[in-house]
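Here is the structure we will look at, set down as structure tokens.
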Amino acid sequence: MGMRDLLGEVASTYDRTAGSTREVKGQQVLRGVANRTDLTLPPGFKAEGHGGQTTPAATPWIGVFDERGMRDPKKGLYLAYIFSADLKNVTLTLQQGITWLEERLGRGRTREDHLRHHAARLRRAVRRQECLDWVDEPQLRDKAARPKAYEAASVIAKVYDTAALPSDVALSEDLYLGVEALRRAEEFDRVWWMSNDADAIPWAYDLSGHAPRVAVSPADFDPLADFHPKDSGEYKVQISARQQIKQRTHEDLVKDFGLHVVKRGYVPVTLGQHPRDLVLRREEAVGGRDPEWIVEAKIVRNGNATIAVREALGQLYEYRHFLYQQRPRPFLVGLFSEEIGVYAPYLEEQGIISVWRDEGGWDGTPQARDWGLTTK
């Protein structure tokens, strides 16, 4: 048994006309997916079957969710095996959540256009051309609103013939490609997909400008108004039936640095900046056409800065490329939990300044000192 057998069983047993009660065989198969242990999923992922609740789904599907990240198919990015209405095909697709847009965009063409618009942006991030035999959208062969939205929400897709499904090994290889695409897409997915702010919807990645700041007196201006770092307290996670305590040292780093730079004339902003860790603006900036500083925070583990530097470099370049195409190019800042040695001049050669914790304060590269980001 495995994913191949599961997909084949759904294709052979699902009957839309039989209803959605627990007694229906196809529904039993889908509802049992979450408890299966034979699917060989990537580490940290869980599968769930969906065949409709009160009304049977026109296109049943199996979601593959990252347990450490977004697991809400109404809003976030996720992987899914979606069956066509005639059950002749099943498609592994990187999907955008569709349900949360209904109240704002309806269930028809407007929502579909919006989903396709954002899918095209994400598609550049995941580099679909590297995934041979993958397509942009599946053909689900049903005219209902939800299947049409699934088609539009697809970023990349691998279509299989249910009468000739590949081996479990091949399916697993494709699923790992899907996970890699998901990871890349998550880096560039703007907070507007996670937001309840209706004004965020039309803009997607187009950060063409912030709303002008209303003129206020210096006494009224709060530079920490949009600085909401995550809780730095310990939190519990359940791993393989045992409980562990983890610390949010990354959040501490962001919080402490944000509270530091506000004394240096900067406005630290975390609200609405995902996936960026922190954005800095000058207090005197009054609109969205002023350059800003993107800060990517990294924890140096075991005194080895190599991984932290590589991740900061890649993410800062990607954020600048995808989030600032129609805005002044930002300054790039790598924020580290400790000194990074020879990597500091290396990053500065790449146009990235570095700041790190140092004896109760902050030190950094010459440019970081010139900008007043350090205590040295």
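Quick grid of which residues meet (1) among the β-branched types (Val, Ile, Thr); (2) within 18 Å of Leu41 (Cβ to Cβ); (3) touching a helix residue (DSSP H, G or I) at 6+ places or on another chain (Cβ under 7 Å):
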site	(1), (2), (3)
Thr59	yes, no, yes
Phe65	no, yes, no
Tyr81	no, yes, yes
Leu94	no, yes, yes
Ala120	no, no, no
Trp134	no, no, yes
Lys148	no, no, yes
Glu151	no, no, no
Val155	yes, no, yes
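Report the residue count in segment 295-353 for those that are β-branched (Val, Ile, Thr) and closer than 21 Å to Leu280 by Cα. Step through it out loud before you land on a result.
Residues of segment 295-353 that are β-branched (Val, Ile, Thr), as a first pass: 295, 299-300, 306-307, 309, 333, 340, 342, 352-353.
Imposing the further condition that a residue be closer than 21 Å to Leu280 by Cα reduces the set to 295, 299, 309, 333, 352-353.
Final tally of qualifying residues: 6.
The set of residues in segment 130-149 that are within 15 Å of Leu177 (Cβ to Cβ) and of a type in the set (A, V, I, L, M) comprises Leu132, Val135.
For residues that are open to solvent by 30 Å² or more (accessible area, probe 1.4 Å) and over 21 Å from Ser84 (Cβ atoms), tally how many sit in segment 29-43. The total comes to 8. Listed by first and then second residue, the pairs with beta-carbon distance under 8 Å, at least 6 apart or on different chains, first residue in segment 1-22 and open to solvent by less than 70 Å² (accessible area, probe 1.4 Å), second assigned to a helix (DSSP H, G or I) and among the basic types (Lys, Arg), are Thr13/Lys25; Asp15/Lys25; Ala18/Lys25. A search for C-beta distances below 6 Å between a residue of segment 52-63 that is under 13 Å from Asn89 (Cα atoms) and modelled with pLDDT of 95 or more and any residue that is of a type in the set (Phe, Trp, Tyr) and not in a loop (DSSP other than H, G, I, E, B), counting only pairs 6+ apart in sequence or on different chains, returns Thr59/Phe83; Pro60/Phe83. Screening the candidates Asp370, Asp290 for the property of being without any contact (Cβ under 8 Å) to a residue 12 or more places away in the chain and more than 13 Å from Phe257 (Cβ to Cβ) yields one hit, Asp370. Within segment 11-53, being outside any loop (DSSP other than H, G, I, E, B) and more than 29 Å from the chain's Cα centre (by Cα) holds for Ala11, Ser12, Thr13, Arg16, Thr17, Ala18, Lys25, Gly26, Gln27, Gln28, Val29.
Scanning segment 150-170 for residues that are buried (at least 22 other Cβ atoms within 10 Å of the Cβ) and part of a helix (DSSP H, G or I) gives Tyr150, Glu151, Ala153.
Tell me, yes or no, whether segment 66-78 has at least one residue that is at pLDDT below 95, within 27 Å of Ala18 (Cα to Cα) and either out of contact with any Asp or Glu (no Cβ under 8 Å at 6 or more places or on another chain) or open to solvent by less than 40 Å² (accessible area, probe 1.4 Å) (or both). Don't jump to the end; show me each part of the working.
Narrowing segment 66-78 to residues at pLDDT below 95: 66-78.
This time we only want the ones that are within 27 Å of Ala18 (Cα to Cα), so: 73-74.
Now restrict to residues that are either out of contact with any Asp or Glu (no Cβ under 8 Å at 6 or more places or on another chain) or open to solvent by less than 40 Å² (accessible area, probe 1.4 Å) (or both): 73-74.
For segment 66-78, residues at pLDDT below 95, within 27 Å of Ala18 (Cα to Cα) and either out of contact with any Asp or Glu (no Cβ under 8 Å at 6 or more places or on another chain) or open to solvent by less than 40 Å² (accessible area, probe 1.4 Å) (or both): present.
Among the candidates Tyr160, Tyr176, the residue that is over 26 Å from Pro56 (Cβ atoms) and aromatic (Phe, Trp, Tyr) is uniquely Tyr176. Only one of the numbered conditions (1) farther than 28 Å from Leu122 by Cβ; (2) modelled with pLDDT under 90; (3) loosely packed, with under 13 Cβ neighbours inside 10 Å is violated by Arg289, and that is (1). Could we say that Arg127 is modelled with pLDDT under 90, of a type outside the set (S, T, N, Q) and within 24 Å of Arg16 (Cα to Cα) here? For Arg127, the condition - modelled with pLDDT under 90, of a type outside the set (S, T, N, Q) and within 24 Å of Arg16 (Cα to Cα) - is not met.
Residues Arg327, Arg357: which one is part of a strand (DSSP E or B) and surrounded by 14 or more Cβ atoms within 10 Å (Cβ to Cβ)?
Only one candidate passes the filter, namely Arg357.
Does Leu132 fit the bill of being in a loop (DSSP other than H, G, I, E, B), at pLDDT below 90 and out of contact with any His (no Cβ under 9 Å at 6 or more places or on another chain)? Here the answer is yes, as Leu132 does meet what is asked. The set of residues from segment 119-153 being touching a residue at least 60 places away in the same chain (Cβ under 8 Å) and more than 19 Å from Glu187 (Cβ to Cβ) comprises Leu140, Asp142, Ala144, Arg146, Pro147, Tyr150. If you take the residues of segment 360-376 that are among the hydrophobic types (A, V, I, L, M, F, W, C) and either closer than 17 Å to Val279 by Cα or surrounded by fewer than 21 Cβ atoms within 10 Å (Cβ to Cβ) (or both), which of them is farthest from the chain's Cα centre (by Cα)? Looking at the filtered set, the residue picked out is Trp371.
The values are calculated or read from the model by the stated rules, or taken from the named source; none is laboratory data. Keep in mind that this is a model prediction, so the values were computed, not measured. With ideal geometry, Cβ positions are generated from the backbone for all residues, glycine too; neighbour counts draw on all protein chains shown. Ligands, DNA and RNA are stripped out before the accessible areas are found, and what is left, the full protein with its side chains, is counted by its heavy atoms. Shrake-Rupley method; radii C 1.70, N 1.55, O 1.52, S 1.80 Å.
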